[in-house]
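All remarks here apply to the structure that follows.
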Amino acid sequence: MKFILPKHQQWKTLSFPFPIIIISVYYLMFYDMGMELSNGIYLFGLVFTLGILSWWLSVVANNCMNWLLPDSQQLPLRALCIFLSQLSIEIIIVSILFQALDRASLPGLELDHAHFLSALVLALLSNIIFNSIWQVRYIFEHWKSALTTKELLDQEQLLREYRGLREQLHPYFLFDSLYALGRLIAQDLERSLLYLDVLSKIYRAFLNENKKELCSLSQELEHVMLYVKLLETVNGVPILLDISLTGEQSAHYLPPFSIQRIIEDVKDYHYPDPNLPQIRIWTEEAYVYVEHGLHTHRNSTPSANLRSIVGRYNYLKIGQFSVKKNGNSLRYSLPLQVR
């Protein structure tokens, strides 16, 4: 039953403002009565003890209602039940107080119904304020817990999509590469051997880097140069690259094979024309940009490469990958992780 006992934040209210409320209740009830000091100390001790009991029961009632009616949709019913329980507790506590005073028959002590009502209202209002504060905190923690759970579920979903896209591209790339190699062997054995050498280096890099979440921009450009050499070998047509980077930005990070997959997308975009337009790669601030011109032909097949890049950025939460048409060219914006 520990879940209904006072929590850390509730214990704090016992140190403040609880003593002020007890003094106020004592003052309201006995301020105009001439009594000896010993009788006054006795009365204060009685009020303080019953105040502690009232606070304890109020906390237990509040926590019990939170346990019985935990959902946010149950807030009106929970608030009504808490109010009725607090009212009952205060009536019982103050009634016990007056019964004890009546039996004590202290000299100079005269019970007054107006004092009784004032003390009851003050105690009730104090508990309502306390319970309102506790309820606000409970609702906030409940909301934060639900939000955390939702974020975890979303993160798991993104991770599944991320892994699915990552593994999906591997066999596609292998199939395309082997198909190109088969055609090349029939045409030119020397070029096919060169193609096979470059392909093995790409796969070695793929096996080493693909399971990493991030790689440096300089490493990524090494992957890009290998892939460009692979395309030039199989097509026999040079690809114009214009790369402009600074030394500092080359050490920044991005998801591995992101730019390579953009170049794959450029190839697919202009298929079947092997003459690709010039591809510019440059950095500005915490972004690396890739831009290429557009031919009249447009391949309408959805790009698994771009979906993979989007999935990785969404999972890693290092910025928003975007693609925009810029006149007669397409521009890809890739955020960099600064370390």
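The values are calculated or read from the model by the stated rules, or taken from the named source; none is laboratory data. Please read all numbers here as calculations on a predicted model, not as lab measurements. We place every Cβ from the backbone using ideal geometry, glycine too, and count neighbours over all the protein chains shown. When the accessible area is computed, the model is the full protein with side chains, heavy atoms only, and any ligands, DNA or RNA have been set aside. Shrake-Rupley method; radii C 1.70, N 1.55, O 1.52, S 1.80 Å.
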- [ ] Measure off, as a whole percent, the carbon and sulfur share of the 1.4 Å-probe accessible area of the stretch 211-306, all protein chains present.
- [x] 49 percent
Open item on the list: Could you give the length gained by full extension between SER72 and GLU141, i.e. 0.36 nm per residue of separation minus their alpha carbon distance, to one decimal place?
Closed with: 23.7 nm
Task: FRET efficiency, 1/(1 + (r/R0)^6) with R0 22 Å, evaluated for ASP268 and GLU190 via beta carbons - done: 0.20
Task: Efficiency of FRET from Cβ geometry, SER105 and PHE83, R₀ 30 Å, rounded to 0.05 - done: 0.25
Task: Solvent accessible area, Å² - PHE130, 1.4 Å probe, full protein context - done: 10 Å²
Task: Stokes-Einstein D in µm²/s, Kirkwood radius over Cα pairs - the stretch 1-107 at 37 °C with 0.692 mPa s viscosity - done: 211 µm²/s
TODO: Identify the GluC sites (Glu not before Pro) of the stretch 177-259 meeting these criteria: DSSP loop state and at most 16 other C-beta atoms within 10 Å of the C-beta.
DONE: GLU213
- [ ] For the stretch 198-339, restrict the atom set to alpha-carbon positions and state the Rg and Dmax in Å.
- [x] 14.4, 41
Task: Sparse-neighbour loop sites [trypsin sites (Lys or Arg not before Pro); the stretch 186-226; at most 14 other C-beta within 10 Å; DSSP] - done: LYS211, LYS212
Task: Carbon/sulfur fraction of accessible area - the stretch 4-106, other protein chains in place, 1.4 Å, % - done: 72 percent
TODO: Please give the net charge around LEU254, taking every other residue with its beta carbon less than 12 angstrom from that of LEU254, where Lys and Arg add +1 and Asp and Glu add -1.
DONE: +1
Open item on the list: Quick check: residue separation of LEU53 and ASN275 times 0.36 nm, minus the Cα distance between them. What number comes out in nm?
Closed with: 71.3 nm
